[in-house]
Amino acid sequence: MTRAERPARTYRTGPATRVLRWVAVLAMVAVTAWLLTVYPTLPETVVTHFGPGGEADDWGPKWSLLVVAGVMLLLSLPLSAISAHPRAFNYPVEITEGNAQTMYREGERLMVWTLLFLQVIYLGICWSVVLGGGGPLLVIGVAGLVGASILAIVRMVRAAR
């Protein structure tokens, strides 16, 4: 079945998913606003990479933080928008009349959780560069991305049975 032939979406997005989507977008805006606020006070050279132990091991121009902010904007806003259109996603199983709504709901949840954990990573990056010590946020963000992906795939495979 092609994407155009898939059943229409009929379920309503749950309140938790709607709230998390907005929290993630607002978090991206808040972190970017914070970064832009402290940007003038940063030295011309900032940490751009940390080793596995959290120690700084590479430096670059402070404008590189603006690139990070731009990338997060270019990832977050479209991800937020497409998360509301799960009929068009790629799924690990075939979409049928019987599993479509469950698959769409799980696909939407996966995109929203991905969006949310990207913001945790973004905050961790900015925190590390501006204040130092943002490593735990990076670990939480990456673990969250991996965990959300595994959970969603398991739930989708189960729904396909």
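Rounded to the nearest 10 degrees, the angle from helix 64-82 to the longest Cα principal axis of the chain is 10 degrees. Taking 0.36 nm per residue of separation and subtracting the Cα-Cα distance, full extension of the segment from Glu55 to Ile140 would add 28.8 nm. Once the C-beta distance of Arg9 and Leu74 is scaled by a Förster radius of 22 Å, the resulting FRET efficiency is 0.25 to the nearest 0.05.
This model, with +1 at the C-beta of Lys and Arg and -1 at the C-beta of Asp and Glu, gives the chain a dipole about its Cα centre of some 860 debye.
The accessible-area ordering, largest first, of the residues Trp34, Trp63 stands as Trp63, Trp34, per a 1.4 angstrom probe. For the stretch 1-90, the Cβ-based charge dipole about the Cα centre amounts to some 880 debye (Lys, Arg positive; Asp, Glu negative; other atoms uncharged). Solvent exposure of the chain amounts to 56 Å² per residue of accessible area, where only protein heavy atoms count and the probe is 1.4 Å. Measure nothing but the geometry: give the 0 to 90° angle between the long axis through the Cα atoms of 15-38 and the longest principal axis through the Cα atoms of the chain, rounded to 10°. Once rounded, one gets 20 degrees.
Mean sequence separation of contacting Cα pairs (under 8 Å, at least six apart), scaled by the length of the stretch 76-116, corresponds to a relative contact order of 60 percent. Based on C-alpha pairs under 8 angstrom that are at least 6 apart in sequence, the stretch 21-148 has a relative contact order of 26 percent.
Hey, any idea what % of the chain's accessible area is carbon plus sulfur with a 1.4 Å probe?
Values: 6240 of 9030 Å².
Carbon plus sulfur share of accessible area: 69 percent.
Taking the 0 to 90 degree range and rounding to the nearest ten, how far is the long axis of helix 135-159 tilted relative to the main principal axis of the chain, both from C-alpha atoms? Tilt relative to the chain: about 10 degrees. Modelled spin-label separation between Ile150 and Val38, with each label point placed 7 Å from Cα along the Cα-to-Cβ direction: 3.2 nm.
Note on Glu97 and Val19: the extension gain reaches 25.3 nm, defined as 0.36 nm multiplied by sequence separation minus the Cα-Cα distance. Extents of the chain, taken as max minus min of Cα coordinates on every principal axis and listed largest first, are 57, 28, 27 Å.
The values are calculated or read from the model by the stated rules, or taken from the named source; none is laboratory data. Here the structure is a predicted model, which is why all the values come from computation and not from measurement. Cβ sites come from the backbone with ideal geometry, for glycine too, and all protein chains shown count toward neighbours. These area figures cover heavy atoms from the full protein model, side chains too; ligands, DNA and RNA do not enter into them. Shrake-Rupley method; radii C 1.70, N 1.55, O 1.52, S 1.80 Å.
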